[in-house]
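Single-structure report; data block below.
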Amino acid sequence: MNDTSPPVKLNAPLDASPNAISARGLVKSFGDVRAVDGIDLDVPRGIIFAVLGPNGAGKTTLMRMLATLTRPDAGSASVMGHDLMTAPHAVRTAIAMTGQFASLDEDLTGRENLVLLARLWGFRGRAAKARADDLLTAFDLSHAATKQVKDYSGGMRRRLDIAASLIVTPGVLFLDEPTTGLDPKARKDVWAMIRGLADSGVTILLTTQYLEEADQLAARIAVIDHGKKIAEGTSRELKAATGSGFLHVATADPARLDEAAGILEQRLGHRASRSTEGAELSILAGTAKDANEALAALVGQGIELSDFSMGQPSLDEVFFALTGQPGADAGRKEATL
Amino acid sequence: MSDTSQLQKLPKVTRPATPSALSNALVFGWRAVLKFKHVPEQLFDLVMTPIMFTLLFTFVFGGALAGSPSDYLQFFLPGILVQTVVFNAVYSGMGLSTDLGKGLFDRFRSLPIWPLAPFAGLMVGDILRHLIAGTIILTIGLILGYRPEAGLFGIIAAFAMLIAIGFGMGWIFIVLGLLIRTPTTVMTLGFTFLFPLVFASNIMVDPATMPDWLRAFVDVNPVSLMTSAIRGLMGGGVNLGEVVLALIAPVVLTAVLAPTTLWLYLRR
């Protein structure tokens, strides 16, 4: 299994197939707050598309509109070729949504939850039970089939919730923060499951506030902040748009770190940040040439460097560059991409 | 990890033929039945409260109110049936509020089903609750000496009327459940509204002893009208006018609140 690099479909030409989702100028206000403030979105069929943004950016509202749960104030959209405003029922036949909060009946068993939904989709008696059992097997939940959902762990609940979205294989699967609140192991499991679904041809639109998640899973990423789309592209494109990368510098004499920061900031025109341990500087460098000249300037001032490196910016750094605030992963050690 | 490979083995299925609205509603009714199976605790409330009320009023107040407990029981039993049905209507609203808080209804709303089906399911649960509670109260009453003079047919007619009353009252709590996110607030608000209606009625006492201003209210209180009709149906001597008056409130509530429910449910 492929854990680090995005799916190969990444570079497939986007105009070759009609879009699974196509939205223009979507707006939704709650009182004075414009939760979604004019968003355009094109999601090609068969890919994993991530909507990335901090809490309150409007990700969930955007997704709820596309899933027919919230009516847009303005704008238009089509999902799997059905118009969102004029044919919401047809949209519902082509989608499934797994919300942020488990959309399951906690009092019922896992199997009963699936049978209930299978019957609502129109499977009768034995067919509904057979479909429920297929899903329980596929999601490794057979052992817990007759347990009430309230006794499920967070990871099991998520799996059942996603299984519940696959009663009928949807054209588009909406996943609202699919791994929020999960431990690292459960999170990896859900990631693997999402990749598996995408491989089987389901278009997946997921929201996340984890930069790492978008980078790991998605072929395309839209960055949303304050209800507006501020960037979109492949994770590579987003990183490239930020500049060639970050320059990381450590001085032999820690006392001269401030001096070095001053020189680098003056040369490169960006703010330098110190690593948490305080011994290393990171600064956005426009091009490799700029970085070289900045290093030369340091050496010219007699500042001895114990280490330096140039790296592709992480999505954390991309997000910081785009929004001026650190991403949700900023404080976490595991966030290095 | 094995999930991916198992996932590949998941058979792909296409959507079966669209089920009817009735079929959708019945599935939600099945859910209500499963709730009884998995949460038997809810039956305790349902069963104990009416038993306590029946015994309390019959033996503690009965003698003072009607001369003897057995005379009072004859008067009170149809009333406690109405009271129980009216109070039980609160359960749907609470259940709905719980479901909405958990995002379960988001799932239902994103499915291509008849939009009112989830509510029809709540109603099925309500009707079952009314039947269970009603049967228990009637059984206790019969044991204590209550005699339904209109016989079996009267009882069946009275229970049909009780279900109609419960159906109408249920909409009030469904609307509250849609508007209020905390189930306990739905209950508190519901009871605040229901207590005056139930106690300022002819359920417990003959309104003849009440002051005029209160009597004026009691006489037109829909709960009084329902109680009079149930008394007539079970004790004999009911007339069509009483039945029609008793059904006004349930019919009006349904006519106004069912569309309101749909609007509230679909608007967000």
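Laid out as a table, the results:
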item: R0 of 35 Å, Cβ-Cβ distance A:Glu293-A:Lys188: FRET efficiency to nearest 0.05; result: 0.25
item: Whole-angstrom Cα spans of region B:210-268 along principal axes, big to small; result: 47, 29, 15
item: Three principal axis lengths of region B:84-239 [C-alpha, angstrom, descending]; result: 52, 38, 27
item: Between 0 and 90°, nearest 10: helix B:240-267 axis offset from chain B longest Cα axis; result: 30 degrees
item: Cα gyration tensor category, rounded, prolate or oblate, for region A:57-135 with a/c compared to 1.5; result: oblate
item: Cβ crowding within 10 Å averaged over residues, with A:72-80, B:184-192, B:122-130 ranked highest first; result: B:122-130, A:72-80, B:184-192
item: Largest-first principal axis extents, alpha carbons of region A:134-217, Å; result: 36, 28, 16
item: Nearest 10 degrees, 0 to 90: helix B:183-199 Cα axis against chain B principal axis; result: 20 degrees
item: Label-point separation, B:Lys37 to B:Leu266 (7 Å along Cα→Cβ), nm; result: 3.3 nm
item: Average beta-carbon neighbours from other chains, 10 Å sphere, peptide B:108-119; result: 5
item: Segments B:41-49, A:267-275 sorted - mean Cβ within 10 Å per residue, highest first; result: A:267-275, B:41-49
item: Chain B: angle of helix B:117-144 to the longest principal axis, Cα-based, in degrees nearest 10; result: 30 degrees
item: Average beta-carbon neighbours from other chains, 10 Å sphere, peptide A:121-128; result: 4
item: Reduced Cα scattering model of the protein assembly as shown, Debye log10 I(q)/I(0), q = 0.05, 0.06 Å⁻¹; result: -0.33, -0.45
item: Peptide A:155-165, shielding by other chains (average Cβ, 10 Å cutoff); result: 1
item: Inter-probe distance in nm under a simple model that places probes 7 Å from Cα toward Cβ, at A:Ala130 and A:Asp32; result: 5.9 nm
item: Two-site FRET efficiency, A:Glu259 against A:Asn55, from Cβ-Cβ distance with R₀ of 60 Å, rounded to 0.05; result: 0.95
item: For chain B, calculated [θ]222 nm from helices alone, where every DSSP H run of n ≥ 4 adds -39500 (n - 2.57); result: -26000 deg cm²/dmol
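The numbers here are math on the coordinates, done by the rules we state, and not lab data. Because the structure is predicted, anything quoted here is derived from the model rather than measured. FYI the Cβ positions are ideal-geometry reconstructions off the backbone, even for glycines, and counts take in every protein chain you see.
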